[in-house]
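First comes the structure, then the notes that go with it.
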């Protein structure tokens, strides 16, 4: 069985969030999107389900911890090259995201980190296939 992952991210401004993720080169699946949610297609197996805070609260009985106030998790996204890591991070910053730290170069692995406008954290990374 091939598995897929759907990660629901709370956002404050749906049009801004959609524009941010489209600026990273991801597409929106309109079939699973509406005024309070959007399905961001990262790959054939990975999807970010953007959800307004009101909609997000309908899915979880736990209190919503805002990503801007504290880290709940970070998402590492594999890239095909160092250049793709840099391009994704620069696109994120240009689209309203925030860089979290300088590039980390371990030789066999290269990574950066950014937050979307709502504070959700991402770490694009490249790993030398020979090292994996």
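The values are calculated or read from the model by the stated rules, or taken from the named source; none is laboratory data. All of these numbers come straight from a predicted model, not from anything done at the bench. Using ideal geometry, Cβ is built from the backbone for each residue, glycine included, and neighbour counts are taken over all protein chains shown.
Among the residues of region 43-76, none is identified as loosely packed, with under 11 Cβ neighbours inside 10 Å and touching a helix residue (DSSP H, G or I) at 6+ places or on another chain (Cβ under 6 Å). Candidates in region 13-27 are the residues that are surrounded by 16 or more Cβ atoms within 10 Å (Cβ to Cβ) and free of Cβ contacts under 8 Å to residues at least 60 places away in the same chain; of these, the one that is farthest from residue 84 (Cα to Cα) is 14. Scanning region 113-132 for residues that are over 13 Å from the mean Cα position of the chain (by Cα) and either modelled with pLDDT of 95 or more or in the same structural domain as residue 50 (by TED's automatic domain parsing) (or both) yields 126, 127.
The strands (runs of 3 or more DSSP E) found entirely in region 25-132 that carry 3 or more residues being under 25 Å from residue 4 (Cβ atoms) are 27-34, 37-41, 46-52, 74-78, 109-115, 121-127. In region 82-100, the residues that are in the same structural domain as residue 111 (by TED's automatic domain parsing) and in contact (Cβ under 8 Å) with a residue 60 or more places away in the chain form Cβ pairs under 9 Å with partners that are outside any helix (DSSP H, G or I) and surrounded by fewer than 18 Cβ atoms within 10 Å (Cβ to Cβ), at six or more places apart or across chains, as follows: 88/25; 88/77; 91/25; 92/98; 92/99.
Residue-by-condition table, conditions (1) modelled with pLDDT under 95; (2) under 13 Å from the mean Cα position of the chain (by Cα):
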position	(1), (2)
37	no, no
41	no, yes
56	yes, no
64	yes, no
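Considering each residue of region 96-109 in turn, at least one proves to be under 14 Å from the mean Cα position of the chain (by Cα), modelled with pLDDT of 95 or more, under 13 Å from residue 21 (Cα atoms) and surrounded by 13 or more Cβ atoms within 10 Å (Cβ to Cβ). In region 102-123, the residues that are without any contact (Cβ under 8 Å) to a residue 24 or more places away in the chain form Cβ pairs under 9 Å with partners that are surrounded by fewer than 18 Cβ atoms within 10 Å (Cβ to Cβ) and part of a loop (DSSP other than H, G, I, E, B), at six or more places apart or across chains, as follows: 107/128; 107/131; 108/128; 108/130; 108/131; 108/132; 109/128; 109/131.
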